[in-house]
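Student: This is the structure I have questions about; it appears just below.
The values are calculated or read from the model by the stated rules, or taken from the named source; none is laboratory data. Here the structure is a predicted model, which is why all the values come from computation and not from measurement. Here the Cβ positions follow ideal geometry from the backbone for every residue, glycine too, while neighbour counts run over all protein chains shown. Areas reflect the complete protein model, heavy atoms only, side chains present, ligands, DNA and RNA absent. Shrake-Rupley method; radii C 1.70, N 1.55, O 1.52, S 1.80 Å.
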Amino acid sequence: MADTQLNKSDFAARVKRIYDSWAAARDNEDFESIIDVDALLLIAGDPTSDDEPMRKGSCFQQWLLGYEFPSTIFLFQKIKISILCSASKAKILSQVENAAKDVKVEIFARPKGKDATNDALPNFFALYAATKRVGTLVKETPTGKLVTEWQTLVDGSSTKPELVDVGPAVSAFMSVKDEEELKYTQTAAALTSTLLKHHVAPKLESILDKESQVTHDMLAAQIETRLGSGEGSSAKGPDMKVWSKGRNLEKVDWASVEFCYPPIIISKTSKSGYDLRYTVESSDDNIAHKGVFLVAFGLRYKSYSANVGRTFIVDPNPEQEAQYNLLLALQSEMLSFMKDAVSARDAYQHAIGYVRNNMPDLEKSFVKNIGFATGIEFRDASYIISPKNNRLLRSNMVLNLSLGFSGLTDSSNQKYALNLVDTVKVESGKSTLLTEGIKLPRETLFFLTPDSEEEVKEKKSNRKAPTAPLRNGSPAKVKTVGGKVLRNQTRRAVQDEVHQTALAKLIEHQRELHENLQTQGLAKYSQDGGGSSGKEGKGWKKFQSYKGEGALPSEVERLRIVVDRKAQTVVLPIHGFAVPFHINTIKNASKSDEGDFTYLRINFQTPGQLAGKKEDTPFEDPDATFIRSVSYRSPDGHRLDNIVKQINDLKKEANKREQQKKEMADVIEQGNLVEIKGRRPTKMSEAFIRPALDGKRLPGEVEIHQNGIRYQSMGSQKVDVLFSNIKHLFFQPCDHELLVIVHLHLKAPIMIGKKKAFDVQFFREATDVQFDETGNRKRKHRYGDEDEIEMEQQERKRRAALNKEIKAFAEKIAEAASTSNGDTLELDIPFRELSFEGVPFRTSARLQPTTECLVHLTDPPFLVVTLSEIEIASLERVQYGLKQFDLVFIFKDFTKPPLHINSIQSSQMDDVKNWLDSVDIPMSEGPVNLNWGPIMKHINESPFEFFQQGGWSFLGGAGGVESDHSEDSGSESVFEADSEELAASSSGDDESDYDDSDGGSDESGSFEEDESDEGDDWDELERKAAKSDQKRQEKKAAAGSDDSDDEPKKKKSNKVNGKAKR
């Protein structure tokens, strides 16, 4: 605290405000408590604990000086300010001795413990005792050594001044904010709004959507950790993923940001009920997934407070919607009404009058006050906006406007409350919001049940849809045979209409995603942000072979070539000197025989030559003079053979070491596992691990401990995984599989045996071998298939029980990890119904989407792709006639190579597209495979230039998707137009090939001509065939060729020139 600098100008301005208000107290009701006082006495004792609210005296010190000075007494007299404090504080306070012009500051420094006593305390007390009427904070009872000594002097004095409570006047001093105070308050409000919009609301929505088992206090703790957590080496800073989304937060001093109180989360399962006070604590019950949810929290910046409170409702009834809309309307009304010179009582009466006029039944449930003044003191009791407070609101006051209803009941007699809280600034003509966001009904009201009802309605309407054309369809388009409507034709029309609607929605959504991707890319990469996506390139490495001449091997004295494996160096004789070259400076060595001599050539690494596959070998000074190679001649061919072999072997070893070092660069050394004490850990027995441990394959146990999990094999081997290193947690049931799996995907790889592992998997086999199936007694009474049916039922029950047991264990891992990390770890389960077959590695695998990933967990190598890390998906080899297509994922980290998933069946293309679109991944289509190596290299060289030139639009984007479909539909219409010509010439084989490539998809269907043919009678078909034969004969005659030559040409011309005919 020795380097503490006080703001003299702020001190002078605020001292002036105190004395001006004191002098004009008779003319201002706000300062009537100090009208006849001779002095103001403000005593600060020992600091309060973090759990207690700040005392008004401490807030006053903070306002006056910018810092809190415990164990200090201030005495304001008409002409001077006297301060009693310790010697160390006196040095700091001496900065303001001459800061105020018309008011003298006198400091009484008390001696240190070892120093002799002085008369500072008696002299200060004499000034106090000389007054007749002193204003002080009567309701506060500070404690501490100085306070005890002061109280002893007061009790022993024969003359005591009359004490008057000046709490309301002190509140009035601090209530109107100056420009700097408003700046700090606005920053606090921006921080609060950012946390609400970009973390609290999305987090709560995610919990409700996934029905996660999270307690109220756990969510509150996770909100608090956005400002950082931990201490010492394990300390984490602010979560910039959240704060970077806020506006004007670039220059925030994060050390000056703190919570006003622990965040409050309330749902219908909370033990405390719906309590709207800020002293209530979040309970340890699990958050309910339906009903009303209340969230409230506030942040301080440089001691100035801002606060928000919101109500979220899942599946609200119409009455709750109306009540919430009334709160929104009431807030707008109050912002217009509250302004300079309006009393707190009038503000409250106006609010309750508005409720009475719009919903009289809610008047009795309206809150007893609608807020309070806030600032350094979070809740200023002198400015509570209630029906009993006559104090006036003033311009530049900051209020916590809190509107709500409590004690409400729904149709099931369940109690609930509604609350809407924002921080507002009072102005001359109205009040304005400082906090904002997440309050509109579409953001806070979640409707879950009606969706399922709509689905039912849709299904009903779909069943009725085919009959609609009978009544309203256009007669010209409906083909008939014998006066009857062909039901296939009308059903097809409905399917086409549904398909076109879904397709239009997909194209529109993709266009939005591509536009957002382009906008985000331009914003992310600045013009000077060059290649490597923010990652540094290679650095120049300096290699040292020996520290001095004494370390050279003794063989160099003979001036012969020496390969020193220990020092990884080749020592060459050059002009009578032994010159060492580190093996990393040598590119390769070779020899050649010419006549009686053998020549040895050693090539060195130099700029401007290819180093393996790369040309980016760094050098300290690329412009220096380099030796490209050196050659030696010797008649001893065997010796040079041996030297070449030694150099090349040493080079291979160095390359191998370098490669291993690169592979292990991202492997982390985990911290120590903290074992649970006092009880047995939760276990999953009979479990196997992948990657497998060395030795015999035996089952082991998985244990959940305080900060991680431990796998203990039957032998002495164990594997620890800390919760802080788990990125994703999966559970895959044994339905349609032989294994039930708990899978951990890690943030950073760990070593398991000698293998680097990004994924750790625990599984149990679900085969019959693990169960006792001796049922000889029963089989005496079973005949036919009954025994097999019973065995199948038993198998289903066993699998269901196994799934239940392992899933419960996985949920306990998620719960323990969430508690340990302070951030929710969700348990993800693959959606098998959305799965598709592809080749991500060398063999085909079933890829299954989850909520956050695309995974293959059944057998190694495992695949886990985090969807949020994907920049764009490219569908390749999408063209007519091919039965398979490829999918390429390009990641947001452009330095990562794209992931190729090859050979996906074309029949699943629509499913893959719909899934990608549903998880908001932009996608593109193309007929050929792209060479992504050079493309990514170009992007990494200058991402900003890449996005300036259109970014991913070169892939086609949403427009490409649209044009592809339009081309498809165009080609269909061409074939339909030429159906007369093709009816006889097109073969059945061609049609079946098209159907195969399309995969029988209901949405894509087949040629329109096929369906139109079904609607024609035999006479019509014969006329078409005859006309087609006639045209073909005419073309043959014109071309001068026979049938065998003409038919393949004709088929080809139809496909190539179909669009030209259109």
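Student: Using per-residue counts of other Cβ atoms within 10 Å, averaged over each peptide, order 159-172, 786-799 from highest down.
Tutor: In descending order of packing, they fall as 159-172, 786-799.
Student: For the stretch 13-71, what does the equivalent ellipsoid look like in terms of its semi-axes, each the square root of 5 times an eigenvalue of the Cα gyration tensor, given largest first in whole Å?
Tutor: One finds semi-axes of 26, 12, 10 Å for the stretch 13-71.
Student: Just to check I understand the Karplus step: with θ = phi - 60° and J = 6.51 cos²θ - 1.76 cosθ + 1.60, what whole-Hz values come out for the stretch 566-577, glycine and proline as x?
Tutor: Result, ordered by residue: 5, 8, 6, 9, 10, 9, 10, x, 10, 6, x, 10 Hz.
Student: At 7 Å along Cα-to-Cβ for each site, give me the label-to-label distance between Ile79 and Glu786 in nm.
Tutor: My value for the distance between the label points is 11.6 nm.
Student: Show me 256-262, 557-563 ranked by packing, highest mean number of other Cβ atoms within 10 Å first.
Tutor: The densest-packed peptide leads the list: 256-262, 557-563.
Student: Which residues' amide hydrogens lie under 5 Å from the amide hydrogen of Arg133, considering only partners 5 or more residues apart or on another chain, with H built in the peptide plane?
Tutor: For Arg133, whose amide H was placed from the backbone, the distant partners under 5 Å are Asp38, Ala39, Glu162.
Student: How big is the stretch 54-161 by Rg and Dmax over its Cα atoms, in Å?
Tutor: Over the stretch 54-161's Cα set, Rg and Dmax evaluate to 13.9, 37 Å.
Student: Taking amide H atoms as placed 1.01 Å from N in the peptide plane, list the residues 5 or more away in sequence, or in a different chain, whose amide H sits under 5 Å from that of Gly291.
Tutor: Counting only residues 5 or more places away or on other chains, the set is Val314.
Student: Write down, largest first, the equivalent ellipsoid semi-axes of the stretch 115-203 in whole Å, where each equals the square root of 5 times an eigenvalue of the alpha-carbon gyration tensor.
Tutor: Taking √(5λ) for each Cα gyration eigenvalue gives 43, 17, 13 Å.
Student: For the stretch 553-563, take each phi angle, set θ = phi - 60°, evaluate the Karplus expression 6.51 cos²θ - 1.76 cosθ + 1.60, and give the result in whole Hz per residue in order, putting x for glycine and proline.
Tutor: Using θ = phi - 60°, the values come out as x, 5, 5, 5, 4, 7, 6, 10, 5, 10, 9 Hz.
Student: Sorted by packing (mean other beta-carbon atoms within 10 Å per residue), highest first, where do 633-643, 186-196 land?
Tutor: Going from most to least packed, we get 186-196, 633-643.
Student: Another one. Determine the per residue accessible area of the stretch 176-278 with all protein chains present and a 1.4 angstrom probe, expressed in square angstrom.
Tutor: 50 Å²
Student: List the residues of the stretch 813-842 whose backbone N lies under 13 Å from a point placed 7 Å from the Cα of Gln706 along the Cα-to-Cβ direction.
Tutor: Flagged as within label range: 820.
Student: ³J(HN,Hα) across the stretch 927-940 via Karplus (A = 6.51, B = -1.76, C = 1.60, θ = phi - 60°), whole Hz, x for Gly/Pro?
Tutor: Result, ordered by residue: x, 10, 7, 9, 8, 6, x, x, 4, 5, 4, 5, 5, 5 Hz.
Student: Efficiency by 1/(1 + (r/R0)^6): what FRET value for Phe758 and Gln793, r their Cβ-Cβ distance, R0 = 25 Å, to the nearest 0.05?
Tutor: Efficiency, rounded to the nearest 0.05: 0.05.
Student: Could you tell me the distance between the Cα centroids of the stretch 837-865 and the stretch 687-734, to the nearest Å?
Tutor: 21 Å
Student: Fully extended, how many nm does the chain gain between His509 and Asn642 (0.36 nm per residue separation, minus their Cα-Cα distance)?
Tutor: 41.1 nm
Student: I've got another one for you. Out of every Cα-Cα pair in the stretch 1-120, what percent are more than 26 Å apart?
Tutor: Percentage above 26 Å: 23.
Student: Something else about it: Relative to a virtual label point 7 Å from the Cα of Ala808 in the Cα→beta-carbon direction, which members of the stretch 701-715 show backbone nitrogen distances below 19 Å?
Tutor: Once the point is set 7 Å along Cα→Cβ of Ala808, 701-705 turn out to lie under 19 Å by backbone N, inside the stretch 701-715.
Student: Can I ask one more? Distance in nm between label sites at Asp1029 and Ala23, each 7 Å beyond Cα in the beta-carbon direction?
Tutor: Taking the two extended label points, one gets 11.9 nm.
Student: On full extension of the chain, what length is gained from Ala288 through Glu555, given 0.36 nm per residue of separation minus the C-alpha to C-alpha distance?
Tutor: Once the chain is fully extended between Ala288 and Glu555, it gains 88.1 nm.
Student: Over the stretch 284-386, what is the relative contact order in whole percent, taking alpha-carbon pairs under 8 Å and six or more residues apart?
Tutor: 24 percent
Student: Please list, in chain and number order, the residues 5+ apart from Gly822 or on another chain whose amide H is under 5 Å from its amide H, with Hs placed from the backbone.
Tutor: none
Student: Applying 1/(1 + (r/R0)^6) with R0 = 45 Å to the Cβ-Cβ distance of Ser395 and Met240, what FRET efficiency is obtained, to the nearest 0.05?
Tutor: E(calc), rounded to 0.05, equals 0.80.
Student: Still on this structure, please answer the following. Label 7 Å along Cα→Cβ of Arg277; the stretch 385-428 residues with amide nitrogen under 14 Å?
Tutor: Flagged as within label range: none.
Student: Which pairs break 28 Å Cα to Cα here: Lys16/Lys183; Lys339/Lys364; Lys756/Lys896; Lys8/Lys197; Lys524/Lys937; Lys241/Lys683?
Tutor: Beyond 28 Å: Lys8/Lys197; Lys241/Lys683.
Student: Just grab the label-to-label distance for Lys368 and Phe954, each label 7 Å out from Cα along the Cβ direction, in nm (one decimal).
Tutor: With each label point 7 Å from Cα toward Cβ, the separation is 6.9 nm.
Student: What's the extension gain from Gln544 to Asn7 if we count 0.36 nm per residue and subtract their Cα-Cα distance?
Tutor: 187.8 nm is the gain from fully extending Gln544 to Asn7.
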